[in-house]
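Before any comments, here is the structure.
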Amino acid sequence: SLLLVFWACLFFSGRASAQDSNNNYGIVPRPKSITSQAGSSPFRINSETKIIFNGKEAKQIANYLSEKLAQATGYGTRAEKGKRAKKNTIRLAVDNSGKGKAEAYRLESSANGVSITGNSSTGLFYGVQTLLQLLPPEIYSDKKQQAQWTVPAVKIEDEPFFEKIRGLHVDISRHFRNKEEMFKTIDYVAYHKLNTLHIHLTDDQGWRIEIKAFPKLTEIGAIGDHSTPGKGKKQFYTQKEMREIIAYAKARHIDIIPEIDMPGHMQATIRAYPELKSPTDKREPAKVIRIDEKGEEFCKKVLDEINDLFTPEYIHIGFDEINFGSKKKIYGNEEITAFAGKLAEYVKTDLKATPIVWDDAFEKGWHDKQTLVHWWRYGKVHWWKDLPLTIDQKVQKLDQPYLLSPANKTYFDMRNAKGEAGAGWAGIASIDKLYVWEPLLDLTDADPSKNHLAQGVIACTWSEQIKTWDDFQDRTFPRLAALSEKGWAQPKNIDLNKPNWKTWRDEVLIKKQLKRYQFMGIKYWSHNSPEKL
Ligand code: TNX
């Protein structure tokens, strides 16, 4: 039987490398299946090329593609309604009768043209992202470029592994991002086939969203940031401005998860409304609000407006580090879990959204199958003195659905490498470490039948040490490319296709992806010194 194992290993490793090197078009994230049409000549886009769509949903995406193509090619590629695939056309269709996941798409290209069919408009949108990647990287420039606009003849069948949440988190409390930066961020998120932007709207350093019921939250609470605590400019979004951001994201098939971090990390709130301070938080300045009726009413009114503004599928209510940094416990475990229960119930029943909490609440003993626990911890930790269980075992035992953001891999405020700028408390979150990570094994290796509890992955850009837009690009890229692989591609324990960092780095990242970033104008980490990768 040892011999059998030996042959099986050979077989599977051979298969894996064949699949990896098959992605020689450098598509990011790697499609589920991609086949070259050997012997077929490529399709060439020229000034006569037309985009044909099959309905209203596909029309929007046709216009999006037409605009994208126009910038770099200079061709006025027209989009029109039509059924038959004529010559020299890019045919876009939404067809929800297809098998597979809602975000799935099929792409076929030959000398006559390209045909992309999505199971939904989002699937079609992702197919269009793949089409752009099949073109030369110059396609990402916003200025006219000289290039051969050819699409190789391929057949792609694709769908994401994690359907619910594949995302990027931005922390606009510690350092604000302006609207143009948010728009760019959304474009980059869409490019990577991520469907979620998680916005950390509030923290000690500043409250960044207008709440009409509590105007001082922005009049006072939005002053200053991590660099200038309590001083300087007011930086926040009015609800009107936020609506523009929401619409921009929606047009790119991205849902926003709004986060109001409660009842800790609330110094900005207490600056604005000192009466909300917890009587047991003796620190100066205090960070934790009261969790009596008055505190509860405040939180619920804020959540009402957040819900009206975003009409979100998920609302993140925080609950991290409530006692952190305080000599005396501000609240006991029972108090914290009771308050988490009340707010989560409100989000579910009154606001009809799915609540998300950081894992701190779970650690304190709270759990709920209709809430997502957002894991920032990593490794196998024994916390429960009364129970001899690791986190993994406890999550599985309680059937607790969760989201993955392990700090040692997906906290992009951590350094890219030794000696680089960034935070260090979770070690170095290098891109290779992220690329070879297998999300489902992180928490649940004990029982693969519980893999379904994992709802997705989010990379976090906590911004104490991400001050400027340049810092943001340096910390986020190219790591976001690796993160997108974790959200989209089939993990190893499902298809045995073990991620191989060096192959991906050389064949995909360096040959293709970094060039695309360059034409997008992204100043990714290592752009001045490629040898660092
Ligand atoms: C931990 S983990 C935080 C953030 C910080 C971050 C810095 C978690 C939910 N909270 O408040 O910004 O570390 O790396």
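The values are calculated or read from the model by the stated rules, or taken from the named source; none is laboratory data. As the structure is a computational prediction, the values presented were derived from the model and not from experiment. Neighbour counts run over all protein chains shown; Cβ positions are idealised from the backbone, glycine included.
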Among (1) charged (D, E, K, R); (2) more than 22 Å from Arg377 (Cα to Cα); (3) free of Cβ contacts under 8 Å to residues at least 60 places away in the same chain, the one test that Asp447 misses: (2)
Has the range 398-420 got at least one residue that is of a type in the set (D, E, K, R), more than 16 Å from the ligand (Cβ to nearest atom) and over 21 Å from the mean Cα position of the chain (by Cα)? yes
Being modelled with pLDDT of 95 or more, aliphatic (A, V, I, L, M), more than 16 Å from the ligand (Cβ to nearest atom) and farther than 21 Å from Phe214 by Cβ is true for just one of Ala251, Ala272. Which residue is that? Ala251
With respect to Phe125, is the statement that it is over 21 Å from Asp187 (Cβ atoms), buried (at least 22 other Cβ atoms within 10 Å of the Cβ) and touching a residue at least 12 places away in the same chain (Cβ under 8 Å) true? no
In the range 24-70, the residues that are part of a helix (DSSP H, G or I) and in contact (Cβ under 8 Å) with a residue 40 or more places away in the chain: Glu57, Ala58, Gln60, Ile61, Tyr64, Leu65, Lys68, Leu69
How many residues of the range 71-84 are assigned to a helix (DSSP H, G or I) and touching a helix residue (DSSP H, G or I) at 6+ places or on another chain (Cβ under 7 Å)? The answer is 1
Within the group Glu163, Glu108, Glu103, Glu138, which residue is in contact with a Ser or Thr (Cβ under 7 Å, 6 or more places away or on another chain), of a type outside the set (Phe, Trp, Tyr) and surrounded by fewer than 22 Cβ atoms within 10 Å (Cβ to Cβ)? Glu108
Residues that are away from the ligand (no atom under 16 Å from the Cβ) and not aromatic (Phe, Trp, Tyr): which helices (runs of 4 or more DSSP H) entirely in the range 285-376 hold 3 or more of them? 293-310, 333-349
Based on this model, can you work out whether Asp470 counts as out of contact with any helix residue (DSSP H, G or I) (no Cβ under 9 Å at 6 or more places or on another chain) and either more than 16 Å from the ligand (Cβ to nearest atom) or of a type in the set (D, E, K, R) (or both)? yes
Give all pairs with beta carbons closer than 7 Å in which a residue from the range 99-114 that is outside any loop (DSSP other than H, G, I, E, B) meets a residue that is at pLDDT below 95 and among the basic types (Lys, Arg); count only pairs at least 6 apart in sequence or on separate chains. Gly113/Lys87
Taking the range 183-236, which residues are among the small types (Gly, Ala, Ser) and touching a residue at least 12 places away in the same chain (Cβ under 8 Å)? Ala190, Gly206, Ala213, Gly221, Ala222, Gly224, Ser227, Gly230
Restricted to the range 421-445, and to residues that are of a type in the set (Val, Ile, Thr) and either surrounded by fewer than 20 Cβ atoms within 10 Å (Cβ to Cβ) or within 15 Å of the ligand (Cβ to nearest atom) (or both), which residue is farthest from Gly318 (Cα to Cα)? Val436
Only unsatisfied item for Lys467, checking (1) in contact with a His (Cβ under 9 Å, 6 or more places away or on another chain); (2) surrounded by 18 or more Cβ atoms within 10 Å (Cβ to Cβ); (3) over 21 Å from Gly379 (Cα atoms), is (2)
Would you mention how many residues in the range 436-463 are closer than 24 Å to Leu197 by Cα and at pLDDT below 95? 11
Selection from the range 334-383 of residues at pLDDT below 95 and in contact with a Gly (Cβ under 6 Å, 6 or more places away or on another chain) yields none
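Rundown of residues vs (1) modelled with pLDDT under 95; (2) of a type outside the set (Phe, Trp, Tyr), yes/no style:
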position: Asp470; (1), (2): no, yes
position: Ala481; (1), (2): no, yes
position: Ser484; (1), (2): no, yes
position: Trp488; (1), (2): no, no
position: Leu514; (1), (2): no, yes
position: Gln518; (1), (2): no, yes
position: Asn528; (1), (2): yes, yes
Could you list all residues from the range 267-281 that are closer than 15 Å to Ile322 by Cβ and part of a helix (DSSP H, G or I)? Gln267, Thr269, Ile270, Leu276
Which pairs turn up if I take residues in the range 149-176 that are of a type in the set (Ser, Thr, Tyr) and look for partners that are assigned to a strand (DSSP E or B) and within 16 Å of the ligand (Cβ to nearest atom) with beta carbon separation below 8 Å, at least 6 apart in sequence or on another chain? Ser173/His200; Ser173/Thr202; Ser173/Asp203; Ser173/Gly206; Ser173/Trp207
